[in-house]
Amino acid sequence: MKSYMIAALLVAAPLPALADKLEDLREQGFARIAIANEPPFTSVASDGKVSGAGPDVAREVFKRLGIDDVEASISEYGAMIPSLQAGRVDAVTAGLFMKPERCAAVAYSQPILCDAEALLVPAGNPKGFESYADIAADDSATMGAPGGGTEEKLALDAGVPRDRVIVVPDAQSGLKMLQDGRIDVYSLPVLSLNDLLAKSGDSNLEVFAPVKDAPVYCDGAAFNQRDTDLRDAFDVELAKLKESGEFAAIIEPYGFSAEAAISTDRDTLCAQE
C-alpha cells in the first residue's frame, strides 16, 4: 500500500523541469537561441558577437523578462525545430517563417520580421526567371536554396524536381555556387539577397524581386510547445516594444518594416499556405 501511495504522489506532483521555464532562464542568465547566420535576419561577427534584426529583438525582449543575454548556435533551417523540440535551444530567432506545419510543431510569438522572396541571377536575368514555376519549366535549370527553408519548399511545390533543388548550407556558399556556374539561380528573402549582393560587389549578378506568385512571409520567435508560458511572456514584452516605437528603431535600420509585422498576427500567418 505504501509503494502505491508513493507512486500516486509522484504522478500527481508537478515536473520541476517543466514548472517554470522563465525562472530557469532567469537563473541561468541567458537564453540559447538557434540562428542561421543570414544577414540581415541574423549575423555572427568574426569575434562571435551575435547581431541581426532577429537576435537584436530577442535580446531586448529577454532582457525585459530578466534574462540578461542570448547565446546563439548556427543551424540549418531544417534542423532548427528538431533542436528546439529536443531542448538543445530555448528559442529560434532566425527568419523561420510561419507556415501551418511549423505552427503545428512550435509555439510562435507574434510576428517580428516580414519579407518577400527573391532570386539571385546573372546580370540581365538571361533565363528570364521570375517565379519558381519558371525554374521548373526549364529542364536544365538548377536552383540553390537553404535546406529545410521556405524557398526549398516553394520550389518543390512549384514543380522543380528534387534533384534540381540544390541544398546550400549558407548564403556565401550560394553566392559562390552561382558565380562558379554550379547553379543557375539562388533564392532567399529579398533583404538577405540584397545584403549578400551589396557585400559581394559583384556587378555580374542581380536580384529579381519579389518572386511572382510567392507569398510575403513573417517570422516570430519560435518556442517549444511545452513553453507556451514563456512564449506568452515574450509576447507581452514584444507588444510593449512595438507600442513604444523601440521595435521599429531596432529592425528598420536592417531594412525591415515594423508596420508589416505590427499589421498582421500569428493566427493569420499560421493559416497562410
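State to the nearest 20 debye the size of the charge dipole of the chain about its Cα centre, where the only charges are +1 on K and R beta carbons and -1 on D and E beta carbons. Please report the intermediate quantities before stating the final value.
Values: 24 positive and 44 negative charges, 140 e Å.
It works out to roughly 680 debye.
Can you find, among 228, 178, 218, the residue sitting farthest towards the positive end of the charge dipole of the range 126-261, where Lys and Arg contribute +1 and Asp and Glu -1 at Cβ?
178
Provide the gained length on full extension for the span residue 226 to residue 182, in nm with one decimal, where the gain is 0.36 nm per separating residue minus the Cα-Cα distance. Write out the running numbers ahead of the final one.
Numbers: separation 44, 0.36 × 44 = 15.84 nm, distance 4.27 nm.
Fully extending the segment from residue 226 to residue 182 adds 11.6 nm.
What aspartates and glutamates does residue 21 reach when the alpha-carbon gap must be under 20 Å and sequence neighbours fewer than 8 apart in one chain are set aside?
Cα-Cα hits under 20 Å: 60, 68, 69, 71, 90, 227, 229, 232, 235, 237.
Once phi is turned into ³J(HN,Hα) by the Karplus curve 6.51 cos²θ - 1.76 cosθ + 1.60 with θ = phi - 60°, what whole-Hz value does each residue of the range 62-72 show in order, with x for glycine and proline?
So the J values, rounded to whole Hz, are 4, 4, 5, 8, x, 10, 5, 7, 10, 10, 9.
Build a GNM of the chain with springs between Cα atoms under 10 Å: which of 253, 55, 169 gets the top mean-square fluctuation?
Result: 253 has the largest fluctuation of those listed.
Using a Förster radius of 51 Å, what is the FRET efficiency between residue 138 and residue 65 based on their Cβ-Cβ separation? Nearest 0.05, please.
0.55
Along the charge dipole of the chain, Cβ charges K/R +1 and D/E -1, which of 120, 95, 137 sits furthest on the positive end?
95
Bin by bin, in steps of 10 Å, what percent of the Cα pairs in the range 131-273 do you find, going until the bin that has the longest distance?
Distribution as computed: 10, 33, 31, 20, 6, 0 percent.
Give the separation of the Cα centroids, the range 189-248 to the range 31-89, in Å.
That distance is 13 Å.
Can you give the Kirkwood hydrodynamic radius of the range 117-208 from its Cα pairs, in Å with one decimal? Walk me through the numbers before you get to the answer.
Numbers: mean 1/r = 0.0789 Å⁻¹.
Answer for the range 117-208: a Kirkwood hydrodynamic radius of 12.7 Å.
Run the quick spin-label model on residue 74 and residue 101: label points 7 Å from Cα toward the beta carbon, then report their separation in nm to one decimal.
2.6 nm
Report for the chain the percent antiparallel among DSSP-assigned beta bridges with both residues inside it, nearest 5.
Expressed as a percentage, antiparallel bridges in the chain total about 55.
How do 257, 131, 140 line up, fewest other C-beta atoms within 10 Å first?
Neighbour counts put them in this order, fewest first: 140, 257, 131.
Mind sorting 168, 185, 190, 216 by how few other Cβ atoms lie within 10 Å of their own Cβ, fewest first?
With the sparsest Cβ surroundings first, the list reads 216, 190, 185, 168.
Could you give the length gained by full extension between residue 156 and residue 47, i.e. 0.36 nm per residue of separation minus their alpha carbon distance, to one decimal place?
Extending this stretch completely gives an extra 35.5 nm.
To the nearest 20 Debye, how big is the dipole of the range 117-208 about its Cα centre, given +1 on the beta carbon of each Lys and Arg and -1 on that of each Asp and Glu?
It works out to roughly 180 debye.
Calculate, for residue 206 and residue 267, the FRET efficiency according to 1/(1 + (r/R0)^6) with r their C-beta to C-beta distance and R0 35 Å; round to the nearest 0.05. Intermediate values should be presented prior to the final figure.
Numbers: r = 37 Å, r/R0 = 1.05.
The formula returns an efficiency of 0.45 here.
Using only DSSP helix segments of four residues or longer, with each worth -39500 (n - 2.57), what per-residue ellipticity at 222 nm results for the chain after dividing by its residue count and rounding to 500?
-11500 deg cm²/dmol
Values in this text are rule-based calculations from the coordinates and carry no lab data. Note that the structure is predicted; figures quoted are calculated from it, not measured. Neighbour counts are summed over all protein chains in view; Cβ atoms, including those assigned to glycine, are modelled from backbone coordinates with ideal geometry.
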